[in-house]
Structure formats: C-alpha cells, structure tokens
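Single-structure report; data block below.
The values are calculated or read from the model by the stated rules, or taken from the named source; none is laboratory data. These figures come from a predicted structure and were not determined experimentally. Please note: Cβ atoms are built from the backbone with ideal geometry, for glycine as well, and neighbour counts cover all protein chains shown.
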Amino acid sequence: MILYPIVVKPSSILLHEVPAISLPRRLCRLWGLESGEKYELLIGMEKHSVTLVIHDEHDDHAFANECLVQQCPYFKPSLKWRIAFLPELNQLWFGPIFAILSDHTRTEGHSLTAFLEEFIAYSNEQGCLTYVIHPSEWSMEKANATTYYNSEWIDTFVPLPHVVYNRIGSRRLEKSALVQGMMASFHSHHIPIWNERFLDKGEVHTLLADAPSVREHVPSSWPTWDEATLLQLLAEGKNAFLKPKDGKEGKGIFKLSFHEERLIVHRHTEQVIHFRTVEHFLRVFFFKNKQNYMLQQGISLMRENESVVDFRLLLIKTANGRWKVVSAVARQSNAGHFLTNIAQGGTFRTVQDVLSSWYDQSHASSQWTKMKQVAKDAAATLETSGQLIELGLDMAIDVNDHIWIIEANTKPSKQHRLLTVGVRPSTKKLLAYFYEWTVKNHLLKETD
C-alpha cells in the first residue's frame, strides 16, 4: 500500500462549523472521494469525523479548519504526514506516529540531545510524527509530549503512538514504579515497546553461552562466583576482569593479575593497586556487593603498540526481520590502559584502518565478514529477551585471530557520531524499520 506524503496546515478560510479537512483534487480523484461527504480520520488510535473539501492549490498540501485543529492540536505546526485511504472503512489514515521514551531534559549537554534533534527532524522530512515523552510528564488520558520543530523544542498534545522506543538511560529510573506503570499502560493499549529494558551482563552471558551459533565467541564468565573461582583463574596465569552487571561506559571495572606473588589491580580510573592476597582485595572492595559483579576471563587481544583495540558495532533490525550492521568503529585505549571506552579516554578509528594494519587486504576483509556474521547471530539470540530492534555490541580479536563478543547493550550510546557525517545510517535504518513495521502491523491490518 502506498502512503502519500502531505503537509497539513491550519486554515482560517475553511469556515465549517464542524471539523473539516481539505485535500488536493489529485488524491480525491485517485481515491474516489467526494466533496462535502463525511469521512473518518484515523490518527494513531484517535478517530475524528470530518467533512471533506477538495482544493486545487497544492498537490502536496492539506488544510485543517479551526474546529479540527482544536480537536487535533498537532495539526497546528505545518508538519508532513503520510496519508492513505481505506475504502472498506471509509477512513483517511494519518501516520506513522513514533514515541521515544526518554529522560531527556532538552539541554545541550544531554547525551541524547543531538540524536533526538536529528531523528525528529529526519522523521518530519519523511512524513512521520515523532515526539519525546518523559515519564514525569506523560499520561495516557492527556498525552503531552515534546517535539523538535523549526530548530526549537516545543510542547504539544499528541495522539497515542503506534509504537514506543525506549531510550531511558538510567536503570534505576527504568525499574521505578513510575516507568513500570507507564509501560503497563502502553501494554494495556496494545502499544509495543521496543528495547523495553536493559539486559545485565549476567543475562547476556547466559543467553549467548547457551546459543550454538555464538557460544564459541563468548569469553568464559561467571555471573555468580567465589574467591576460589577467582584464585583458580589467576593461578592459571590468566588475567581476570570483574565487571558491574549493570555497569556502563567502563565504570567500576577491575582488571586483576598476579605478578611476583602479588595481586595487581587496575581500575577504570587508571589507578593501579597492589594487594598481598586476593582475600585482602575482596575484603576491601567486595565486602558487601560481590553478587553485583560478574567475573570474566581475560583475553590476549590484538593490540596497537601498547593500546588495546576493540570494535563497537551497531545493529538495527530490518523490515524483513533480519539484523544488519549499520555502523561500526574501532576504539583504541590510551597507551597502557585496558579500557577503550570513549568516556575513559579511548579514541575512535575506522575498522578498515585497524584491520588493514594487522592483516593483508584479503584477510582483513574475511575477518570483517566473520565479525559481522557473529554480531548478527548474537543479535538474533538476544532478541529472544524482548522486542529488540537495536543493539550495540563490543567485539574484539585475540592474538590467534579469534573473534570475541565482549559486551552487549540494548541502549547503545548516541552521544558520538562514530565518524559519520550527515544523518546517521542508524537513524535512517531505524526510521525505515518503524515505517515498514507500522504499515504491516497497523495499516494493512485495518484492511484485513
């Protein structure tokens, strides 16, 4: 089914005392619509009875009278929509409508600001209504949201969305009664929530380690562990990592190794501490919260001089239900440091630049193809935990050319542009998936 782009503008010329909309003659002739007849507007879940007027002014414009704008205040700004006619229901369908759930505060320093402005501006260009909802400001009865229009953030009343995309960046807020109640309300209205929750490291490890397609790429890890397990790992001459299960940006990670019968502990802050025994270390740092950390075996990764290098891949689900790597970047740690996170001082490089410095062209291409396939297999495995449509993966290659999955993130960072210019590929792919999903799951179902 074709959705036609059209800009809806408020009009003071249509003097009808009932809600009225004026559509271009081209569309009315195409759909067999008659001037003066009543039709039903379907906007998200809202339905409005309108009188149709036909005009010959602009083929890509529609006009809403004041009475209709009062009922539908989101027609007040001149936004582009997609429109279709459903003859079986005598309905004019407007959409798609996309809500982004966020703790965004509309400040320039917020990590999502640039992404949200880009995404909303691009979705407006494509004829999709996208707005941001904040848990403390939203109710299903009085749907108030913010959107980005003419380079400004504005508050507006909105129709309920076809889908909600969860970008809340705080695990604590996401688990709060406020947000959980909000999500329950969406579910009760049969509105799906994409990327509904964070996955902790223990859950990710269990899912991936149990999957035949990717288990060989998962480092040995222990979501629950004790001092004996840690001692055995270190006694084998291997490095070990202790990672917060709910951690992000590399914060709170410990790297442990034995050297000359002393335990060497590297922290994410680049602080290095020496302990006489593992018991002493655990008593200092893990007296109460050992269960909040996962133990992971260290891997001898490929390096660039004295720096660790890994790869951040972003995957988006496509309209055919498959996963696609839409962007990727290599991250290089500071010399002598073990974390590549940008928040911990790491720097970006292109994937091709790194792989070509390690391998010849054929081998570099082969490794990259393998890495993308492992990433897609991992995403397909993790989506069994919920309605995932976007996933960030941190991957690495060891000195034996083996590919490893280091981390998975259902709320991948949007703060950095990953060496791209213009509209990010992830923005285009995410909106394309939403568009196709809405057509399939809403528009086509209306005609079944």
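Computed quantities for the displayed model
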quantity: Residue list for the range 305-326, restricted to those being within 14 Å of the chain's Cα centre (by Cα), of a type in the set (A, V, I, L, M) and more than 19 Å from Asp401 (Cβ to Cβ); calculated: Leu314, Leu315, Ile316, Val325, Val326
quantity: Candidate set: the range 64-92, residues that are assigned to a helix (DSSP H, G or I) and either without any contact (Cβ under 8 Å) to a residue 60 or more places away in the chain or charged (D, E, K, R) (or both); chosen: the one surrounded by the fewest Cβ atoms within 10 Å (Cβ to Cβ); calculated: Gln70
quantity: Of all residues in the range 323-348 being within 18 Å of Thr410 (Cβ to Cβ) and not hydrophobic (A, V, I, L, M, F, W, C), the one that is modelled with the highest pLDDT; calculated: Lys324
quantity: Matching residues in the range 359-377 - criterion: being touching a helix residue (DSSP H, G or I) at 6+ places or on another chain (Cβ under 7 Å), outside any loop (DSSP other than H, G, I, E, B) and free of Cβ contacts under 8 Å to residues at least 60 places away in the same chain; calculated: Ala364, Gln367, Trp368
quantity: Residue identified as of a type in the set (Gly, Ala, Ser), assigned to a helix (DSSP H, G or I) and in contact with a strand residue (DSSP E or B) (Cβ under 9 Å, 6 or more places away or on another chain) among Gly247, Gly181, Gly202, Gly252; calculated: Gly202
quantity: Subset of the range 29-51 [among the charged types (D, E, K, R) and within 33 Å of the chain's Cα centre (by Cα)]; calculated: Glu46, Lys47
quantity: Test: residue in the range 52-63 that is at pLDDT 95 or above and acidic (Asp, Glu); calculated: no
quantity: Filtered residues of the range 123-140 (kept if within 16 Å of Val7 (Cβ to Cβ) and outside any strand (DSSP E or B)); calculated: Ser123, Asn124, Glu125, Gln126, Gly127, Cys128
quantity: Evaluation of Asp310 against (1) of a type in the set (Asp, Glu); (2) at pLDDT below 85; (3) in a strand (DSSP E or B) (one fails), failing number; calculated: (2)
quantity: Residues located in the range 274-307, provided they are assigned to a strand (DSSP E or B) and surrounded by fewer than 16 Cβ atoms within 10 Å (Cβ to Cβ); calculated: His274, Gln297, Arg303
quantity: Answer residue from the range 205-223, given it is in a loop (DSSP other than H, G, I, E, B) and free of Cβ contacts under 8 Å to residues at least 40 places away in the same chain and is surrounded by the most Cβ atoms within 10 Å (Cβ to Cβ) among those; calculated: Asp210
quantity: Residues that are among the small types (Gly, Ala, Ser) and surrounded by fewer than 16 Cβ atoms within 10 Å (Cβ to Cβ), drawn from the range 224-245; calculated: Ala228, Ala235, Gly237
quantity: Per-region count, the range 214-235, residues among the charged types (D, E, K, R) and at pLDDT below 90; calculated: 2
